[in-house]
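Just so you know, all these numbers are worked out from the coordinates, no wet-lab data involved. Remember, it's a predicted structure, so these values are computed and weren't measured experimentally. Cβ placement follows ideal geometry from the backbone for every residue including glycine, while neighbour counts extend to all protein chains displayed.
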Amino acid sequence: DAKTTQPPSMDCAEGRAANLPCNHSTISGNEYVYWYRQIHSQGPQYIIHGLKNNETNEMASLIITEDRKSSTLILPHATLRDTAVYYCIVKTGNQFYFGTGTSLTVIP
Amino acid sequence: DTEVTQTPKHLVMGMTNKKSLKCEQHMGHRAMYWYKQKAKKPPELMFVYSYEKLSINESVPSRFSPECPNSSLLNLHLHALQPEDSALYLCASSPIWPTFSNQPQHFGDGTRLSIL
């Protein structure tokens with residue numbers, strides 16, 4: 001049921017921007033894209049979501065392509081505490097179906 | 001700090017035991033969820049409650065029995081579990097679809113369940 005595909009792992013140098021890609025080629029016109037992250041032994045933490053416009057909050061920026069078939073989560077200045085598994089999710093009705101996620105490692 | 005509280009944080013039980021997991025939220029959300037997460041895997045949806053009524057059961061075995069006694073509480077009753085049921089059980093809540101269809105789910109930190 002997962003509607004998203006993500007690379008299994010990525011590394012990023014501390015202080016640099018982390019760009020995490022996600023493909024959601026079957027997304028419908030009214031479905032939102034959500035990003036969560038999960039640090040070991042904790043529950044998923046909400047980061048950001050969007051429909052078609054780019055979004056920014058205090059944690060991250062979300063860039064959605066014009067055709068909405070892919071998106072990129074940007075952490076502008078990665079820190080060691082950003083090491084986590086990042087999930088890109090397309091919500092169907094009331095339901096989240098998680099993809100396999102990207103394990104991001106921030107390297108000192 | 002999480003706004004969804006799950007208890008207990010850890011639970012070890014035998015295959016013949018009966019136990020319950022509890023989830024509580026006070027955000028006024030009328031949709032609540034149970035997920036199961038195995039090690040190094042993404043969360044998998046188990047149940048969805050809307051307005052305290054079960055709306056989705058993702059073909060979960062009957063040894064897992066959910067209950068929503070009021071709009072703030074969600075329980076998961078466990079009976080005769082198998083070792084493969086050992087996992088992290090996550091609860092989440094959100095404003096109800098479709099009125100607030102773009103609002104995110106809020107997750108608790110889960111109950112780590114081990115079946116002996």
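Structure summary
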item	result
Overall Cα dimensions of the protein assembly as shown, principal axis frame, Å, largest first	50, 41, 29
Estimated distance in nm for a label pair at B:HIS26 and B:HIS77, the labels positioned 7 Å out from Cα along Cα-to-Cβ	2.7
Amide N of the range A:74-95 lying under 16 Å from the label point, which is placed 7 angstrom from the Cα of A:SER28 along Cα→Cβ	A:90-95
Rel. contact order, % - alpha carbon contacts under 8 angstrom, at least six apart, the range B:1-77	29
Descending semi-axes in Å of chain A, equivalent ellipsoid built from Cα gyration tensor	22, 15, 12
Taking A:ASP82, A:ASP67 and counting other C-beta atoms within 10 Å, the order from fewest to most	A:ASP67, A:ASP82
A:GLU58-A:ILE39 pseudo-label distance in nm [points 7 Å out on the Cα-to-Cβ vector]	1.5
Label point distance in nm, B:SER86-B:LYS41, each placed 7 Å from Cα along Cα→Cβ	1.4
Translational D in µm²/s for chain B (Stokes-Einstein at 25 °C, 0.890 mPa s, Kirkwood Rh from C-alpha pairs)	173
